[in-house]
1. If you take the residues in the range 31-56 that are of a type in the set (Val, Ile, Thr) and outside any helix (DSSP H, G or I), which one is surrounded by the fewest Cβ atoms within 10 Å (Cβ to Cβ)?
2. Can you name every residue in the range 443-476 that is hydroxyl-bearing (Ser, Thr, Tyr) and crowded, with 16+ Cβ neighbours inside 10 Å?
3. Please state which of the following conditions Ile28 fails to meet, knowing it meets all the rest: (1) surrounded by 14 or more Cβ atoms within 10 Å (Cβ to Cβ); (2) β-branched (Val, Ile, Thr); (3) in contact with a Ser or Thr (Cβ under 9 Å, 6 or more places away or on another chain).
4. Find the residue count for the range 116-134, including only residues that are at pLDDT below 85 and either closer than 29 Å to Arg81 by Cα or not assigned by the TED database to the domain that holds Phe100 (or both).
5. Of the residues Glu163, Glu192, which is free of Cβ contacts under 8 Å to residues at least 60 places away in the same chain and in contact with a strand residue (DSSP E or B) (Cβ under 8 Å, 6 or more places away or on another chain)?
6. Please find, among Thr353, Thr342, Thr361, the residue that is surrounded by fewer than 18 Cβ atoms within 10 Å (Cβ to Cβ), modelled with pLDDT of 55 or more and in a loop (DSSP other than H, G, I, E, B).
7. What number of residues within the range 120-135 are surrounded by 20 or more Cβ atoms within 10 Å (Cβ to Cβ) and more than 17 Å from Leu22 (Cβ to Cβ)?
8. For residues that are at pLDDT 75 or above and part of a loop (DSSP other than H, G, I, E, B), scanning just the range 371-393, find the one that is surrounded by the fewest Cβ atoms within 10 Å (Cβ to Cβ).
Amino acid sequence: MHYDLNRLARKENFDVRVLEKLCRISDILEEISQDPLLKTRLSLTGGTALNLIHTKEIPRLSVDLDFNYRHVDDEDWGTVRDKIDDRLKKILRAMNYTSFSINATYPLGRITVDYTNQAGRNDKLKIEIGYMRRFPLLKNDTRMGFHHLGKDESIKVLTPKREELFAGKLITGITRRTPRDIFDIGTISQLEFNPTLLRKCTVLDSLTVEGLRFHELKLDRVFNQVSMDTNLANLLTRDSRRSTDFSKVKENAIEFCEEIQVNLTPSEIQAIEQFYDKGEFNPDLITPNHYKERISREDAEAPSDHVGTFYWRVKAVDEMGHEGEWSKSLPVQIYLRDFNFTINPTSSKIRRTRYGLVKITAERLGSHENIIDLSCSGQPSGVRVFFDAIGAVPSFKYHMTIAVEEEAPLGTYELTVTGRDSYNNEHSDNCQLTILKKPTVTISRINAGEESTFNIGKQKILKVSISAMKQIENAALTVKEYSEKPSEVPSPKTPTYGYISFETEEIENQDISNATIEFRVSRDWINQNNIDEDTIKLNKYSAGEWQSLSTEKSEEYASHIYFSAETSEFSIFAITGGKKKPSPYNWLTGWKFLSALSIIILLLIILAWRKKAPKEEWAEEVEKPPEAPEEERPKKEPEEEAPEEEEEEWGFE
């Protein structure tokens, strides 16, 4: 097989993995359609025939091949069955499939083929052949064109007439109740067909199911419990996954089946009741022009535990209507065929853009030898689920991968994982999925012995450098800064600037040799809290206590001071700083200061006192010089009398 799957995926808008599986089964089908033995004996049925033969725009892909065996001659059909298995094995080997197994039970033959897909992952495909429908309900099968999507060609294959094929899908959907079957019923409701033939084929097909009285079914109850699951979502185009309203799909399917119920004729209802009440088949259910064979059967009911040895009477009716009954009883041994089904863990927290794994365990009970088909439902849009394989024979342990896309809605959801087999056993287990915000950093790879630096870009944490001791791949780091102290840690003994948590995915503490955390502290906080810059530390919470890490100052700016610290593991961290200590008292310096202060104060007091005291009290006596003779003394000019100043009167009028 050589296909450009990426180009094909872009063109058709389907997933690469599912497209590859479809191309593989299409190649196998092409070989079967050319084999002289197989092309006349294997009639393609089921969802593959519906979606790739009868629709113009493929509504969904199909990933397995379902056939009904047709007995075309007088050769013992058991011998023919062995020949079919041999031919299929030769075809698979010629196509370079080397790992496959055949699980042959009486009503069903199943071939499981293991292969490695183009992405390098292990995968499986299935080929199933039902040996109960050895003749078609309608007279003859037909050859129609199957759309080989990989080659964009049409392959002529044997398949039932459309009314018989559609009726089979209706009854399968009612009994199996998978989202794929309900989706297919909705597809059938939009196609062309003969409504009378479809109704009669539906009645005939319903008689092959134990206790299924089609006219009494409450179809809304049958379908309402079914919800969209990954098995269906993975088969749709990317656009359809977002646009498909599955509740509307169910409404269409219910209305379509109810319309068939409403149009049942009284004779058809009577024939159904006669068959289940008396074990008598009415050959007039369908006209001889279309009907292939007449069938009669008498049902017997086994006890509810379905385990033990029981005795049935057998009655036969030939084509002329003559009845015969065996006179002796036929012992039938019924064995337990069931399985236990569990998943672990039952709750997962996954961040956007990340994925998680859930282990699925199925244990065989009794003689169970059938494949269990796995599916999941309940996930919101943006969440995709993949299984290691779609189905396997128990006992087995598989993984379910839950991939959460970036647009997935945050919250908690209940997923239901279900295992079903063709024995009508069905078991489920629940898993709680919590979707969290996307991680701060995704790490594609760090080789052992190398260091990588990642920008965090938070308010406090700026960068983280990780030195790997072992190779780290597909990992993630989520950094969260808290406005308040997390409840799970105590308060540090010194003032705290902030708390930070580091959550890792796919990184264990033993995987790293060292990590350097670069952070910054606001000067406003330092000044307001009187913090000594030299005491600022990054502290790690470990073993129930805070441990100070080696912290160095790297840069200083007007608004922040930058630091780096080293740690050997990721945890919850706190940025702290100690308060400034008061300076010690210097007695010598203090004595001199006090003395000088005392002298200054004393001088100020003296100056103030002298200004207020009389002049004679403080002036010093000075020796007067001898007076000159009177004639030598300068004569004084008579002084003018100053004019009298008028006294200003104050008063009020």
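1. Only one residue tops the list, namely Thr55.
2. Scanning the range 443-476 gives Ser452, Ser467.
3. Tallying (1) surrounded by 14 or more Cβ atoms within 10 Å (Cβ to Cβ); (2) β-branched (Val, Ile, Thr); (3) in contact with a Ser or Thr (Cβ under 9 Å, 6 or more places away or on another chain), Ile28 fails exactly one: (3).
4. Count: 3.
5. Glu163
6. Sole residue among the options that is surrounded by fewer than 18 Cβ atoms within 10 Å (Cβ to Cβ), modelled with pLDDT of 55 or more and in a loop (DSSP other than H, G, I, E, B): Thr353.
7. Adding up the residues that qualify gives 3.
8. Only one residue tops the list, namely Ser381.
The values are calculated or read from the model by the stated rules, or taken from the named source; none is laboratory data. Here the structure is a predicted model, which is why all the values come from computation and not from measurement. Cβ: placed from backbone, ideal geometry, glycine included. Neighbour counts: every protein chain shown.
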